Amino acid sequence: MQNRISKLFDTKLPIVQAGMIWASGWRLASAVSDAGGLGMLGAGSMYPEVLREHIQKCRAATTHPFAVNIPLLYPDIDQHMRILIEEGVRIVFTSAGNPKTWTPMLKEKGITVVHVVSSSKFAQKAEEAGCDAVVAEGFEAGGHNGREETTTLVLVPAVVNAVKIPVIAAGGIANGRQMLATMVLGAEGVQLGSRFVASEEASSHPDFKAKVIGAGEGDTILTMKQLTPVRLIKNKFYEEVQKAELRGADTEELKRLLGRARAKKGMFEGDLNEGELEIGQVSALVDSILPASEIVKKLWQEFQEALENPIKIR
Ligand SMILES: Cc1cc2nc3c(=O)[nH]c(=O)nc-3n(C[C@H](O)[C@H](O)[C@H](O)COP(=O)(O)O)c2cc1C
């Protein structure tokens with residue numbers, strides 16, 4: 001199926017594997033790109049030279065297009081941008097920051113730029129900044145998220161109405177029926193994060209992956225709204241954050257509690273009590289760790305079946 005998104009990325013399918021800290025390195029990205037989707041490196045947990053290594057390894061592992069996600073608040077952002085240019089990266093997804101700062105430079109170099117948004121207002125800003133597409137990421141999504149709590153079901157049609165550039169839906173998608181639902185709402189592609197954490201190729205710790213497939217409804221929550229909202233699995237670390245917030249801890253105390261390495265500790269080192277375990281609500285529907293190629297194949301098959309028979313009439 002060819003549409004504006006698959007044409008923009010030159011992929012077989014309008015399926016994007018999200019850039020994710022401590023999960024999406026070159027193994028996952030290249031496997032998804034080989035399977036016909038768009039694989040993506042998550043630069044947010046990589047030092048600049050580590051990012052360079054992952055770009056080179058990804059290029060060696062697949063002949064298909066892949067992307068790099070750059071959270072714009074990253075402290076070494078200048079170095080990351082320099083490496084993207086030097087390594088000839090063709091597609092960049094930016095998030096967590098102002099798209100006006102870097103989009104013009106990236107566009108000048110001929111790079112396709114997509115920005116992640118959580119509201120129609122930010123989608124319009126991304127369009128004005130010259131982005132080629134936006135990812136509309138709803139409240140259900142794993143990882144950092146908007147404060148306004150707009151769900152994918154509301155956000156996608158709102159963003160579709162607000163901009164002319166194509167919209168990729170994210171947040172709460174793990175199967176083909178969910179993919180179809182967002183496309184009925186006007187999305188032209190989907191971005192999946194949590195589903196790909198539970199893949200063989202994700203670089204996340206096996207204990208974290210096991211926790212993800214064991215998670216049920218209500219096991220995740222959007223927390224740390226005062227600092228930077230993030231959806232994670234409720235655990236001991238979350239309870240400490242909760243207690244601190246209840247007694248009115250200020251931003252400085254919360255920053256100290258979060259520290260620098262909580263996310264690495266939880267998702268990469270597998271400390272399920274003390275670490276931060278970022279994952280989306282849809283983990284409740286994910287119950288197996290599969291090869292990334294299987295995830296893409298299954299998603300596409302389910303999507304086509306749903307398309308032929310969209311409504312179950314009983
Ligand atoms: C473990 C994890 C890490 C993430 N890291 C990032 C990141 O570094 N940059 C980013 O833009 N989004 C990040 N996200 C959000 C994803 O890119 C994606 O938009 C989201 O997971 C989609 O929702 P879903 O989890 O319901 O599929 C992360 C999500 C997860 C689950």
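Among the numbered conditions (1) touching a residue at least 60 places away in the same chain (Cβ under 8 Å); (2) more than 16 Å from the ligand (Cβ to nearest atom), the only one that Val241 does not meet is (1). Of the numbered criteria (1) within 22 Å of Lys298 (Cα to Cα); (2) more than 12 Å from the ligand (Cβ to nearest atom), the one Ser24 fails is (2).
Kindly check whether there is at least one residue in region 291-300 that is assigned by TED's automatic domain parsing to the domain that holds Val184, touching a Gly at 6+ places or on another chain (Cβ under 6 Å), in a helix (DSSP H, G or I) and in contact (Cβ under 8 Å) with a residue 40 or more places away in the chain.
Quick first cut of region 291-300, residues assigned by TED's automatic domain parsing to the domain that holds Val184 only: 291-300.
If we keep only those that are touching a Gly at 6+ places or on another chain (Cβ under 6 Å) too, we end up with 296, 299.
Right, trim to in a helix (DSSP H, G or I) and you get 296, 299.
Going one step further and asking which of them are in contact (Cβ under 8 Å) with a residue 40 or more places away in the chain, we end up with 296, 299.
Scanning region 291-300, I find at least one residue that is assigned by TED's automatic domain parsing to the domain that holds Val184, touching a Gly at 6+ places or on another chain (Cβ under 6 Å), in a helix (DSSP H, G or I) and in contact (Cβ under 8 Å) with a residue 40 or more places away in the chain, so the answer is yes.
Surrounded by 16 or more Cβ atoms within 10 Å (Cβ to Cβ) and touching a residue at least 12 places away in the same chain (Cβ under 8 Å), is that true of Gln17? For Gln17, the condition - surrounded by 16 or more Cβ atoms within 10 Å (Cβ to Cβ) and touching a residue at least 12 places away in the same chain (Cβ under 8 Å) - is met. In this structure, Ala261 does not qualify as surrounded by 17 or more Cβ atoms within 10 Å (Cβ to Cβ), among the small types (Gly, Ala, Ser) and more than 19 Å from the chain's Cα centre (by Cα). Look at (1) within 22 Å of the chain's Cα centre (by Cα); (2) farther than 21 Å from Gly19 by Cα; (3) without any contact (Cβ under 8 Å) to a residue 40 or more places away in the chain and you find that Lys225 fails only one, number (3).
Considering region 220-234, the residues that are hydrophobic (A, V, I, L, M, F, W, C) and assigned to a strand (DSSP E or B) include one that is nearest to Glu252 (Cα to Cα), namely Val230. Here Gly186 passes the criteria (1) without any contact (Cβ under 8 Å) to a residue 24 or more places away in the chain; (2) assigned to a loop (DSSP other than H, G, I, E, B) except the one numbered (1). Of the residues making up region 203-226, those that are of a type in the set (A, V, I, L, M, F, W, C), buried (at least 17 other Cβ atoms within 10 Å of the Cβ) and out of contact with any Pro (no Cβ under 8 Å at 6 or more places or on another chain) number 4.
Taken over region 1-18, the residue count meeting the criterion of being part of a helix (DSSP H, G or I) and at positive phi is 0. Within this structure, Leu185 fails the test of being over 25 Å from Ala129 (Cβ atoms), in the same structural domain as Tyr74 (by TED's automatic domain parsing) and more than 14 Å from the ligand (Cβ to nearest atom).
All of (1) out of contact with any Phe, Trp or Tyr (no Cβ under 7 Å at 6 or more places or on another chain); (2) away from the ligand (no atom under 14 Å from the Cβ) hold for Glu274 with one exception: (1).
Among the residues of region 164-202, write down those that are of a type in the set (Val, Ile, Thr) and buried (at least 21 other Cβ atoms within 10 Å of the Cβ). Those that are of a type in the set (Val, Ile, Thr) and buried (at least 21 other Cβ atoms within 10 Å of the Cβ): Val167, Ile168, Ile173, Thr182, Val190, Val197.
Of all residues in region 122-156, those that are out of contact with any Pro (no Cβ under 9 Å at 6 or more places or on another chain) and either without any contact (Cβ under 8 Å) to a residue 12 or more places away in the chain or of a type in the set (Val, Ile, Thr) (or both) total 6. Number of residues in region 27-69 that are out of contact with any Gly (no Cβ under 8 Å at 6 or more places or on another chain), polar (S, T, N, Q) and more than 15 Å from the ligand (Cβ to nearest atom): the value is 2.
Listed by first and then second residue, the pairs linking a residue in region 59-80 that is touching a residue at least 12 places away in the same chain (Cβ under 8 Å) to a residue that is of a type in the set (Asp, Glu), with Cβ atoms under 7 Å apart and 6 or more places separating them unless they lie on different chains, are Thr62/Asp34; His64/Asp34; Pro65/Asp10. Number of residues in region 135-182 that are within 23 Å of Thr112 (Cα to Cα), away from the ligand (no atom under 12 Å from the Cβ) and not in a helix (DSSP H, G or I) equals 5.
Table: residues versus (1) surrounded by 22 or more Cβ atoms within 10 Å (Cβ to Cβ); (2) under 16 Å from the mean Cα position of the chain (by Cα).
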site	(1), (2)
Ala31	yes, no
Glu53	no, no
Leu72	no, yes
Ile77	no, no
Gly88	no, no
Gly97	no, yes
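The values are calculated or read from the model by the stated rules, or taken from the named source; none is laboratory data. All of these numbers come straight from a predicted model, not from anything done at the bench. Cβ coordinates were reconstructed from backbone atoms using ideal geometry, including for glycine residues, and neighbour counts include every protein chain displayed.
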